[in-house]
1. Suppose we filter region A:429-484 for residues that are assigned to a strand (DSSP E or B) and β-branched (Val, Ile, Thr); how many remain?
2. Which of the residues that make up region B:309-355 are among the basic types (Lys, Arg) and within 14 Å of chain A (Cβ to nearest Cβ)?
3. Identify all residues within region A:379-407 that are in contact (Cβ under 8 Å) with a residue 60 or more places away in the chain, in a loop (DSSP other than H, G, I, E, B) and not hydrophobic (A, V, I, L, M, F, W, C); write none if there are none.
4. With the structure loaded, tell me whether residue B:370 is touching a residue at least 40 places away in the same chain (Cβ under 8 Å), within 12 Å of another protein chain (Cβ to nearest Cβ) and within 18 Å of residue A:180 (Cα to Cα) or whether it fails that test.
5. Would you mind finding the one in A:283, A:306, A:323, A:343 that is assigned to a helix (DSSP H, G or I) and not aromatic (Phe, Trp, Tyr)?
6. Kindly establish whether residue A:142 is touching a residue at least 12 places away in the same chain (Cβ under 8 Å) and either on the phi > 0 side of the Ramachandran plot or surrounded by fewer than 18 Cβ atoms within 10 Å (Cβ to Cβ) (or both).
7. Among the candidates B:63, B:28, single out the residue that is on the phi > 0 side of the Ramachandran plot and either surrounded by fewer than 22 Cβ atoms within 10 Å (Cβ to Cβ) or not aromatic (Phe, Trp, Tyr) (or both).
8. Would a scan of region A:223-230 turn up a residue that is of a type in the set (Phe, Trp, Tyr), modelled with pLDDT of 95 or more and surrounded by fewer than 19 Cβ atoms within 10 Å (Cβ to Cβ)?
Amino acid sequence: MADHADLPETVTLTIDGQQVTVPKGTSILHAAEQAGTQVPHYCYHAGLSAPAMCRLCLVEVEKAPKLLPSCVTQVAEGQVVHTQSDKSLTMRRGVLEFYLHNHPLDCPICDQSGECKLQDYAHEEGRPHGRVREPKRVFGRDDFGGDVLFYGDRCVMCTRCVRFMNEVEQDPRLAVVERGDRSIIDTFFDEGLEGTNFHGNVVDICPVGALLSKDFLFKQRAWDLSHTDSVCPNCSQGCNIELHTRDNLVQRLRPRPNLDVNGHWMCDEGRLDYEWINRGGRLEVPLVRDGKEFHATDWKEALVGLVRELGAGPVRALVSPRLSNEDLGAARALVDQLGGGDLVYRSRRAPEELVLKGFPKLARRRDLAPNVNGADLLGMSRVGDNDGTGGLEGLASHDGIVLVVGDDLEDQPPTFGKEAALYVFLGTHSSEAASHAHFTLPLTTFAEQEGTFTNHENRVQRFWSGLPAPGAARPAWLILWALLAEHTGQTQPTRPEEAFVTVSEFGDVTYETLGKQGVIVTPPTRQEPAGAIGD
Amino acid sequence: MAYPYVSDREVRVISTQFGDPEARTLAGAKQRGRYQGLKTALDMSPDAVVDIVKASGLRGRGGAGFPTGLKWSFMPKDYDKPHYLCCNADESEPGTFKDREIIRWDPHQLVEGCLIGAYAIRARHAYIYCRGEFFEATQVLARAVEEAYADGLIGDDVMGSGQKIDLTVHVGSGAYICGEETGLMNSLEGRRGEPRVKPPFPAAVGVFGMPTTVNNVETLCAVPHIVVNGSEWYRQWGSEKSPGTKLFCVSGHVRKPGNYELPLGFPLMDLIDDLCGGITNGNALKAVIPGGSSVPLLTAEECRSCALDYEGVSSCGSMLGCASVIVMDETTDIVKQVRRMAAFYAHESCGQCTPCREGSIWVTRTLERIEAGRGTEDDLDTLMELTAQMVGTTICVLSDSVAAPVQSSVLKFRDEYLALIRRGERVGTA
């Protein structure tokens, strides 16, 4: 427990008739949030500086001569704030009217529609009808480079994007040019945002439809998307994200705030690398090889048949750092049960990290898989090259049991596992190198199952299932524990939280204690290899 | 004297050298008593200088009328951080032309004022932020600063006192908003000329993040005279709350427009009828803008009793502002004039705050439509409501400046609007 002296000083004030106590230095806007009132705002964003220029968050503070911008006004003892008074509401209605003065009102063809702050606020607090009789100003569209399109007419000039590039990405490529009603966001040179690594965030923080993602353009309506909390599977940073899904497909990834991991941001590589989750041609049923033929079967038959073969010799297993901790734990348990053996994984490594300068906790890490640390923590070892190939010479010609979980073996020849007494392949997609597998079992992706990843600093974070599994595909942990249950005759985990606690390395951490922020289970021991390419 | 028009009723303190090119040189300036005030000030403590200015009741001449001594006293009383003095010579309020004349005719008076001000607020560096369009004035000022540097009046050892004060003349690029003190600071730092949110106030966080005071040219020019002659001497003119003399820039429909230095509290009609020789062509007076285009208009009736000091003009329903008296006679088309002012502000809005960015252009377009005979009576209500939404909702007061002439003209000259709207008739021609 902290000493009493260490406790932050607090201030008690009244917001809309409700008393709140907040730490000294809190803004009225945040204090109001605690009192359950959302004060509309555009320019303020928790991850950026506050210029107090959108003038939408003005609130009435008793004894102040004017309305005060709640985003930059700090709370004071005994302050009495009215966010819903006539004065505040009249003013906000007025400011909102100005926002709509030149707005094209093209919501029906705007991607932002449905998640647009201008739409929300105007419907909540705006005037029912417009009074503008003058022709509207027209800026047109601009390609800002990278994944970003600019619709100038919709811009509310909150300058969040400019400040993101200045303060967070620290590569000031956007600026306000001209002044007055002619002012507009623009890039300096033709390349615009091209070549920067975090510019996708400007689309997220744009409160209206002025900055849109080319990747998402006209793809889906925002209100049709389901949102699932998840963790980015594209590097070991473990950015907290939301999967936005529809029609059983991931439509886009969006960052989810977690100040301990990724702030409010994520990198463009991670953001745009989701098509693999949607890849078709999935394995959907368990396949059992009969001579040269595969025949589809059900899980019961596949597992019973597989258990009969498990005595076939020493086991060597290949897993993947794209698997969850639960999957890896189950694989290890199976290998241990069969008398122990090699557990290796392969992983692509980028030549260097891409650090977000203004929030250096966040980087696109070198390990391009979400659970490399999890695999390491469970005592598995990395083999192969930096492009995630090779390193399987011993495994490919092993004559005992060969277990492949989650690695697609794309680089391996069709002779892989030919010598194996028993070759079990668990994957999402089949490959040539799986043609000798005696059992081919369909796996789900991370997006179709619940589980945890361990990120680069050994923070274990939960993700949730956002898509239905195709056919009979199941998470690896469920398959492997079912196999063990069949093999040992004992009850084994059937829920992810049960599978999680079987991993002794996580101590007494449970799904409940992990929550949405995650927990660092043990300080990372793995050293980042020195040097750039070719280590 | 050659300077356009002078009058016996003027009290010339700051404008004594207007029309006299000799005063531009250092030698000429010294002959005329310049730098006496600096010498006197350097013999005093900085706080004593602040006190004497406080006692004189000098108020900021840039428009807001904030007491200068009080403003100086907000500055930290130590040398822990660099302090800066900024002289605001970005005189851009339409109708104002006093600072330009001071710099053109008596640049050393300003240099002296800046040095005393810098000394008083413990600044080692003073900036004079000149309006970009002031080409001649900037050259005159730059020459004066060079001469003063060469003479040891500015630099590492000001007048042998051991005080180090540098002075830099900075030229703006032609934006009205850079005359707003925080916009000026941004511009000086090389940023976009956009006003900053206050608090923090410049005395805490100003230029380059350091404690800063921004003063108008005329304010700083009054300081040497106060230091030499004392605060009681300065208080012989004007009233208790508005002491001293003030330059009035008269323009518009008068026979003798120009700068007149008058004790505060001078009757407005005396200025127009006597000093300025009355309305041109003997026409009748229609309206007066007493303090630059961002203050409400006064009708001829309101002008009758108007005394030109901060309180007097306020009590008539307008503001003294920077004392730029724009006189309009009966031939004036008020709608056209107000539209021109609104268009000016729409053009000069920095675009940060939405009410100003969108409101100023909306008001302008509406006025244009009314002027073109396509207005409706509802438009007048809309104008009043829009301008009401623009007052007090923005970072700086440019937005309020749009509202003032529009609201006052719609209230006071509604019949001119209605003539245009109902019958398409213009009341005036000018």
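1. 4
2. Result: B:339, single match.
3. Within region A:379-407, A:386, A:398, A:399, A:400, A:406, A:407 qualify.
4. no
5. Result of the check over A:283, A:306, A:323, A:343: A:306.
6. Yes; evaluated as a whole, the condition is true for this residue.
7. From the options B:63, B:28, the qualifying one is B:63.
8. Within region A:223-230, the subset of a type in the set (Phe, Trp, Tyr) is A:223.
Adding the requirement that they be modelled with pLDDT of 95 or more leaves A:223.
Applying the additional criterion that residues be surrounded by fewer than 19 Cβ atoms within 10 Å (Cβ to Cβ) yields A:223.
Yes; the residues of region A:223-230 include at least one that is of a type in the set (Phe, Trp, Tyr), modelled with pLDDT of 95 or more and surrounded by fewer than 19 Cβ atoms within 10 Å (Cβ to Cβ).
The values are calculated or read from the model by the stated rules, or taken from the named source; none is laboratory data. Everything numeric here is computed off the predicted structure, so don't read it as measured data. Please note: Cβ atoms are built from the backbone with ideal geometry, for glycine as well, and neighbour counts cover all protein chains shown.
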